[in-house]
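The values are calculated or read from the model by the stated rules, or taken from the named source; none is laboratory data. Everything quoted here is computed from the prediction, not taken from an experiment. Virtual Cβ from ideal backbone geometry, glycine too; neighbours counted across all protein chains shown.
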Amino acid sequence: MPDFEEYCAEIRKLWDSRWLTNMGVEHRTLQRELEAFLNCPHVTLYTNGHLALENIISAMRFPPGGEAITTPFTFASTTHAIARSGLTPVFCDVRVDDYTIDVDKIESLITKKTVAIVPVHVYGNMCDVERIDEIAQAHNLKVIYDAAHAFAVKYKGKSSANFGDASMFSFHATKVFNTIEGGAVCFKDDSLVEELDAMKNFGICSPERVEYVGGNAKMNEFQAAMGICNLRRLDGEISKRKSAVERYRNRLGGVGGLKLNEPQKDVESNYAYFPVVFDGFGATRDDAFNKLDEHGITARKYFYPLTNSFKCYASLSTSGVEKTPIAARLADRVLTLPLYADLTLEDVDRICDVILSLKR
Ligand SMILES: *Cc1c(COP(=O)(O)O)cnc(C)c1O
C-alpha cells in the first residue's frame, strides 16, 4: 500500500471536484501514465481484470460457436471470460518448465471453429510469444493474453503489453501493482478504442449516442488514485520482492524433491509469485500447505484445481484433466509461498524452516 498521507493528498482533489467516477482526472492521469510505463499506444482501464478480459473478447466480435484455445492451469477468470463471451474453451496442456501454454500442442487443437488463442503468462513467466504469433498468423487467429501476472515484465526489453492483439492486466489487491481492484486492456489497434471505452460504460459513446450493448465496468477515481500512488513505488516493490525471492532460492534451491521456478532467458521478471513443486520430497504439497497453516503461514495451492475440472464445464467434450496431464500433475504438486514487498528475510527463513523440517 502507498503511504497513507500520499494517498490522502491524491484523493483530496476528489473532495474539491466532487467527481468520483466516470473517467475523471485520476482515471485519465493513470491511463496516460500506464500507456507510457507499458509503452503501449492504448490502455483502457476497468474496475477489475476479469471484466477487462470479457470486454476485449467481446470487442473482437467472434462468430457465435467459436472455440478459443487456452490452458486450464490458470485462475477461474480466464476460462469463465471465454465461456461468458460465447466461446468454447479448448484446453491445451502447459510446459513443464515455465507452466505456460505448450506451443507444440496448440496446432493439433485447431479446428474449423477456432477463432482465438487465449494464453496465460504464469507467475510472471512469459509465454512463447514468438511461436504463438507464428501460429496465429498461419491460421488467422486472434491472440488475447491473460497477462494478469505479467505487469512490468519485459521480454527482450519489450513490455509484456505489446504481444498478440491485446493483453489483459489485473490490478487486484493481491497483484504486484494494485488499484484496490482494477484492470486494463492494452492493445495497438486504433479502431478498438471507441468500442472498448464505450463498452465499460453501457455502450454510451457520447451523451446522446449509444452504439454498443455494453455493461458497467468503469474504474472509479479512488481506484485510479491508488494506482497513481502505487505506480510511483513500483520499482521498490519489485526490488524488495526480488530480495525475498533470492533468499527463498538460497534456502530451497538444490533441495531434492523441490522444483523452483527458473528465471527465463531474455525475460525481466516482476517476481510476482514463488511457486514450489513438491515432487519426490517425501512430504506432499498438501502436507506442506497444512504444516505452514499450523504455523499461521498462508501459502496457496495456485493454480488448483484446474479449470477443466470445474463442474460447470463437465458437459463440455473439451473438459477433463486427463487431456492435460502435465497441468494435472502440476496442479497437485505446486504451492506458491508468501511473497510481498514487506516480507522480511527472517520470515522467509521461518517459512523455509517449516518446509525443510518436513523433508523425508
Ligand atoms: C487475478 C487474475 C485474474 C482476474 O483479475 P481480477 O482483477 O481479480 O478480476 C485473471 N487471470 C489471472 C491469471 C489472475 O491471476
Worksheet item: Would a scan of region 134-143 turn up a residue that is closer than 17 Å to Leu231 by Cα, of a type in the set (S, T, N, Q) and outside any strand (DSSP E or B)?
Response: no
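Yes/no per residue for (1) at positive phi; (2) outside any helix (DSSP H, G or I); (3) of a type in the set (Val, Ile, Thr); (4) in the same structural domain as Ser239 (by TED's automatic domain parsing):
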{"position": "Asn250", "(1), (2), (3), (4)": "no, no, no, yes"}
{"position": "Val255", "(1), (2), (3), (4)": "no, yes, yes, yes"}
{"position": "Gln264", "(1), (2), (3), (4)": "no, yes, no, yes"}
{"position": "Pro275", "(1), (2), (3), (4)": "no, yes, no, yes"}
{"position": "Gly280", "(1), (2), (3), (4)": "yes, yes, no, yes"}
{"position": "Ala283", "(1), (2), (3), (4)": "no, yes, no, yes"}
{"position": "Thr298", "(1), (2), (3), (4)": "no, yes, yes, yes"}
{"position": "Leu316", "(1), (2), (3), (4)": "no, yes, no, yes"}
{"position": "Ser319", "(1), (2), (3), (4)": "no, yes, no, yes"}
Worksheet item: What are the residues in region 33-61 that are in a loop (DSSP other than H, G, I, E, B) and either modelled with pLDDT under 95 or of a type in the set (D, E, K, R) (or both), if any?
Response: Arg61
Item to complete: Output the qualifying pairs, or none if there are none: Cβ atoms under 6 angstrom, residues six or more apart or on different chains, first residue in region 332-360 and exposed (fewer than 14 other Cβ atoms within 10 Å of the Cβ), second residue in a loop (DSSP other than H, G, I, E, B).
Response: Lys359/Gly282; Arg360/Gly282
Worksheet item: What pairs can you find where one residue is in region 171-196 and in contact (Cβ under 8 Å) with a residue 40 or more places away in the chain and of a type in the set (Lys, Arg), the other is part of a loop (DSSP other than H, G, I, E, B) and near the ligand (Cβ under 10 Å from one of its atoms), and their Cβ atoms are less than 8 Å apart, with a gap of 6+ or different chains?
Response: Lys175/Ala148; Lys175/His149; Lys175/Ala272
Worksheet item: Which residue pairs have Cβ atoms closer than 8 Å, lie 6 or more positions apart in sequence or on different chains, and pair a first residue in region 37-64 that is among the aromatic types (Phe, Trp, Tyr) with a second residue that is within 16 Å of the ligand (Cβ to nearest atom) and part of a helix (DSSP H, G or I)?
Response: Tyr46/Ala52; Tyr46/Asn55
Worksheet item: Of these, Thr88, Thr78, which one is touching a residue at least 40 places away in the same chain (Cβ under 8 Å) and buried (at least 24 other Cβ atoms within 10 Å of the Cβ)?
Response: Thr78
Response to the item:
Filtering region 173-221 for residues that are basic (Lys, Arg) and surrounded by fewer than 18 Cβ atoms within 10 Å (Cβ to Cβ) leaves a count of 2
Worksheet item: Taking region 321-330 only, how many residues are in contact with a helix residue (DSSP H, G or I) (Cβ under 8 Å, 6 or more places away or on another chain) and either in a helix (DSSP H, G or I) or at pLDDT below 95 (or both)?
Response: 5
